[in-house]
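Taken together, the values in this text are just the output of simple stated rules run on the coordinates, not laboratory data. Computed from a predicted structure; not experimentally measured. Note: ideal-geometry Cβ built from the backbone for every residue, glycine included; neighbour counts use all protein chains shown.
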Amino acid sequence: MTSISTELQAVVFDMDGVIIESEMTHYRAICEAMGENMKVPYEVFLEQCTGGDERFAMGRMATFSDMSYDEELFQEWSRRKATAYARLISEEVSPMPGAIQLVESVAEELPIGLATGSRRSDVDAALHVLGGGCLAGLFQTIVTSEDVADPKPHPGTYSKAVEDLGIEPSACFAIEDSPNGIASALGAGLRVIGVAVMHDASKLSRAERVVSTLTDVSLNGLRQWFAEPLA
């Protein structure tokens, strides 16, 4: 039987909405890719089309827009979206408040991973420019939607991240901003801190703790929270 750890041994971060303020950038890139027949407003995209991979997002947006959708169209949209996203993220990129400082401080003492529903090219483009590239190379593992058969909310993304780190899931915190991401992390056996920026805190209720920003979150704070008994 695997023992339950009371000592934090690793942290796995989501990317979009946790480290980088990029949901609007993804939305704009998808709008370019899918064309003028895509009628989904940003608010609906945020509430009903995020938390998975771009296949999930584009499929939902095509359905809501009464657009035809098949594998050939998805591959074409995906190529267009990757090009648009790389251009847009190079023009303007903003880290989430407190995110860079937290990632850097945790990385000094613990293994860290990145578990995202984005594709590898989007991750590379974002890390290249975010904070002048200061986070590139800090993550011991980066798991994208292209690295697993089933993306979030399936547990596979987080399961692979902790396997790559060589840490028991129960000894890790995941930091997530979406209900699907929280479901993925919990399904893989991690404990979860929710960040209520893109989604209302009530929608992140499965996380053991929800914060409104990472600005006041520190490694010492994460360790103290982790040592507290679960309700």
- request: Just flag the GluC sites (Glu not before Pro) in the range 1-77 sitting in loop per DSSP whose Cβ has no more than 16 other Cβ atoms within 10 Å.
  value: Glu7, Glu36
message: For a quick check, take a GNM of the chain with Cα springs below 10 Å and name the residue from Gly133, Gly52, Gly113 with the largest mean-square fluctuation.
response: Gly133
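Order by neighbour count: Tyr42, Tyr69, fewest other Cβ atoms within 10 Å first, most last.
Listing Tyr42, Tyr69 from fewest to most nearby Cβ atoms yields Tyr42, Tyr69.
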message: Can you compute the modelled spin-label distance between Lys39 and Glu92, with each label point 7 Å from Cα toward Cβ, in nm?
response: 2.7
task: Note down the net charge around Phe173, summing +1 for each Lys or Arg and -1 for each Asp or Glu among other residues with Cβ under 13 Å from its Cβ.
output: -3
- line: Summed over the other residues with a beta carbon less than 12 angstrom from that of Lys81, with K and R at +1 and D and E at -1, the charge totals +1
query: At 222 nm, what helix-only mean residue ellipticity would the chain give, in deg cm²/dmol to the nearest 500, using -39500 (n - 2.57) for each DSSP H run of four or more?
result: -13000 deg cm²/dmol
field: Residue-count net charge about Ala149 - beta-carbon cut-off 15 Å; Lys, Arg +1, Asp, Glu -1
entry: -1
- prompt: Assigning unit charges at the beta carbon (Lys, Arg +1; Asp, Glu -1) and nothing else, what dipole magnitude in debye, to the nearest 20, does the range 23-91 show about its Cα centre?
  reply: 160
field: Positive dipole terminus of the chain, leading residue within Met67, Pro179, Thr50 (C-beta point charges)
entry: Pro179
task: Using only the Cα atoms of the range 82-231, build the gyration tensor, take square roots of its eigenvalues as a ≥ b ≥ c, and label the shape rounded, prolate or oblate: rounded if a/c is under 1.5, else prolate if a/b is larger than b/c, else oblate.
output: rounded
